[in-house]
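The structure under discussion appears below in the form of structure tokens.
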Amino acid sequence: MSKAHELHQEAVVIDGHCDTILSVMTRGSWFGSRSRDFFERDEDGHIDLPRLLEGGITCQVMALYIEPQYKPAASARRCLEMLDAFYSLLDQSEQFVMATKVQDILDAKAGGKVAGLLSIEGGEAIEGSLSALRNFYRLGVRAMGLTWNQRNDLADGVGEKSAKSGLTDLGISVVKEMEKLGMLVDVSHLSESSFWGVHEVADRPYIASHSNAQALASHPRNLTDKQIEALASKGGVIGVVFCPPFVDDDRENVTLSRVCDHIDHIKKVAGIDHVGLGSDFDGFGVSPGSPQVMKDVSEMPKLTEELLRRGYTEEEVKKVLGGNWLRVYKEVIG
Ligand SMILES: [Zn+2]
């Protein structure tokens, strides 16, 4: 076994974001009507349990993504439907377990299992209710992005170009309640002004589960160096994303190496303790033959190879693969 392979096998590997729950649901998916079987190895899409195991993933964060057609009035119902789909995956296999604390992730590693950690993508899901937020926490949700791309009653998403708002009063209450509960506030889809709104009120580390560096690719969801520094100053982590427009403005330059340039950049700006993985697998498609970061999650060991090739120490590689996520999870969710 190569050194890279051995290191990858040994490491706790955490991917901070995917949209796979949508892919295994039968209705409502924007990826067409075919739902995939999570327990069968497929060539379509990026993630299923066999490919998570091949890719050496210890913990996969799974988004409960509220699609626009459910907003605002049916957002909580839709989130509950997605939770039901996740729980039904748990019912079908001993090898896939839920993580609600760091120990669950470590136990999964020790037992050769894959843990799923739940994150809401779009604060519409709580329909303005702190009680609903607390109930989602009770059901196992440990992170939430306050918005997707639209503006909502908590904050502005990145698609809101004009308002330039921070957080609403309700948004501030939600951040405070999440910190009290032990939930991670995810800024990945926020507008820049709302990002600074979170930064101002956050007492705990907050995260960007799937964003890259704007210095290398101009996508508005990527973070400026100032944002990267600010997030790191509170102890947070940025998960680098593999979705092509976030990787490089020129689609021809979309490669695994280019993703590692983002890791290098975040390391340079904020230090090695603030960068992790946030693939966004099953949240995007790549047309056949187009350049891509990797075919699917089974190829994740290639990232370890590339980081070692670039001179990262074993300790640094382990931090990027999952150690940094573990640190921030320990601090916030316990
Ligand atoms: Zn997203």
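What follows draws every value from the coordinates through simple rules; no lab data is involved. As the structure is a computational prediction, the values presented were derived from the model and not from experiment. Counting neighbours? That spans all protein chains shown, and the Cβs are built from the backbone with ideal geometry, glycine included.
Tabulated results
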read-out: For the range 127-208, the Rg and Dmax computed from alpha carbons only, in angstrom; value: 11.6, 36
read-out: Sorted by Cβ neighbour density within 10 Å, fewest at the top, the residues 300, 1; value: 1, 300
read-out: Sites residue 150 and residue 203, calculated FRET efficiency, Cβ-Cβ separation with R0 30 Å, nearest 0.05; value: 0.65
read-out: Estimated FRET transfer efficiency (residue 101, residue 268; beta-carbon r; R0 45 Å; 0.05); value: 0.90
read-out: Cα-Cα over 20 Å, subset of 268/318; 71/176; 234/319; 180/234; value: 71/176
read-out: Which of 124, 331 has the fewest Cβ neighbours within 10 Å, and the rest in rising order; value: 331, 124
read-out: Stretchable slack from residue 87 to residue 3, in nm (0.36 nm times residue separation minus alpha-carbon distance); value: 26.6 nm
read-out: Per-residue [θ]222 nm for the chain (sum of -39500 (n - 2.57) over DSSP H runs n ≥ 4, rounded to 500); value: -11000 deg cm²/dmol
read-out: Added length on full extension, which subtracts the Cα-Cα distance from 0.36 nm per residue, residue 35 to residue 73; value: 11.2 nm
read-out: Local electrostatic count at residue 205 - Lys and Arg +1, Asp and Glu -1, tallied over other residues with Cβ under 13 Å; value: -1
read-out: Debye intensity ratio in log₁₀ form over the Cα atoms of the range 79-215, taken at each q of 0.09, 0.17, 0.18, 0.21 Å⁻¹; value: -0.29, -0.91, -0.99, -1.21
read-out: Normalised per residue, the volume of the convex hull around the Cα set of the chain (Å³); value: 121 Å³
read-out: Local net charge near residue 287, Cβ-Cβ under 14 Å (Lys/Arg +1, Asp/Glu -1); value: 0
read-out: Sequence ranges 7-13, 280-286, ranked by mean other-Cβ count within 10 angstrom, highest first; value: 280-286, 7-13
read-out: Net charge contributed by nearby residues that have their C-beta within less than 13 Å of residue 163 (K/R +1, D/E -1); value: -1
read-out: Simple Cβ-charge dipole of the chain, Lys/Arg +1 and Asp/Glu -1, about Cα centre, in debye nearest 20; value: 540 debye
